[in-house]
């Protein structure tokens, strides 16, 4: 486990991560990229626990995702199975588990203030925190990505599944877009990755 995990996280985070993973009934699997989630936690029918994390994540997002999923396991063990998946018990557990990592030895200094702000009230997904998601994406291997907030209104674009949309207007925090083939309206987070289609 030590050798495998060390390839995916900041070097300085390894000792604390190994402590978090000291569960005899826990398996951590590294998966191919899934577009709909970065990771997940499950209690298996045999009583064991399983965490999966996308191997395509950059090392900072991988670390946050791994700790996010370990927080599900720890909250389950501490508070029982009747708690909400991302309720107050999980939030407190996630905050507590992340604390040892929130320092400049682990994360770049430009991310730390954004992380500190995020962990005042962590969300179910770091992607819903637009500022944090954008900051983390700066460390992805593929840096020539386009985000929906960067393209002009009325631009046509496609997303990962090939569907084509036109950007209409900004609501409070998200962008209203119309799917070209159906005329249906969808809302996109500002940091959604898109490919612009030149007409």
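So that you can scan it fast, the table gives a plain yes or no per residue for (1) more than 26 Å from residue 17 (Cβ to Cβ); (2) in contact with a helix residue (DSSP H, G or I) (Cβ under 7 Å, 6 or more places away or on another chain):
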site	(1), (2)
106	no, yes
113	no, no
120	no, no
146	yes, no
150	yes, no
160	yes, no
164	yes, no
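Have a look at 185, 151, 197 and point out the one that is more than 18 Å from the chain's Cα centre (by Cα), at pLDDT 85 or above and surrounded by 14 or more Cβ atoms within 10 Å (Cβ to Cβ).
151
Working only within region 16-34, note down all residues that are over 15 Å from residue 56 (Cα atoms) and exposed (fewer than 11 other Cβ atoms within 10 Å of the Cβ).
Those that are over 15 Å from residue 56 (Cα atoms) and exposed (fewer than 11 other Cβ atoms within 10 Å of the Cβ): 19, 22, 24.
Anything in region 35-54 that is on the phi < 0 side of the Ramachandran plot, without any contact (Cβ under 8 Å) to a residue 40 or more places away in the chain and either exposed (fewer than 13 other Cβ atoms within 10 Å of the Cβ) or not assigned by TED's automatic domain parsing to the domain that holds residue 76 (or both)? List them, or say none.
Hits for region 35-54 are 36, 44, 45, 46.
So residue 106 fits all but one of (1) surrounded by 12 or more Cβ atoms within 10 Å (Cβ to Cβ); (2) outside any loop (DSSP other than H, G, I, E, B); (3) at pLDDT 95 or above; what number is the exception?
Going through (1) surrounded by 12 or more Cβ atoms within 10 Å (Cβ to Cβ); (2) outside any loop (DSSP other than H, G, I, E, B); (3) at pLDDT 95 or above one by one, residue 106 breaks only (2).
Tally up the residues in region 1-34 that are part of a helix (DSSP H, G or I) and free of Cβ contacts under 8 Å to residues at least 12 places away in the same chain, please.
5
Out of the residues in region 65-103 that are in a loop (DSSP other than H, G, I, E, B) and farther than 24 Å from residue 47 by Cα, which is nearest to the chain's Cα centre (by Cα)?
Across region 65-103, the extreme among qualifying residues is 102.
The values are calculated or read from the model by the stated rules, or taken from the named source; none is laboratory data. On a predicted model such as this, the values are computed, not experimentally measured, just so you know. All Cβ positions, even for glycine, are placed from backbone atoms using ideal geometry, and neighbour counts span all protein chains on display.
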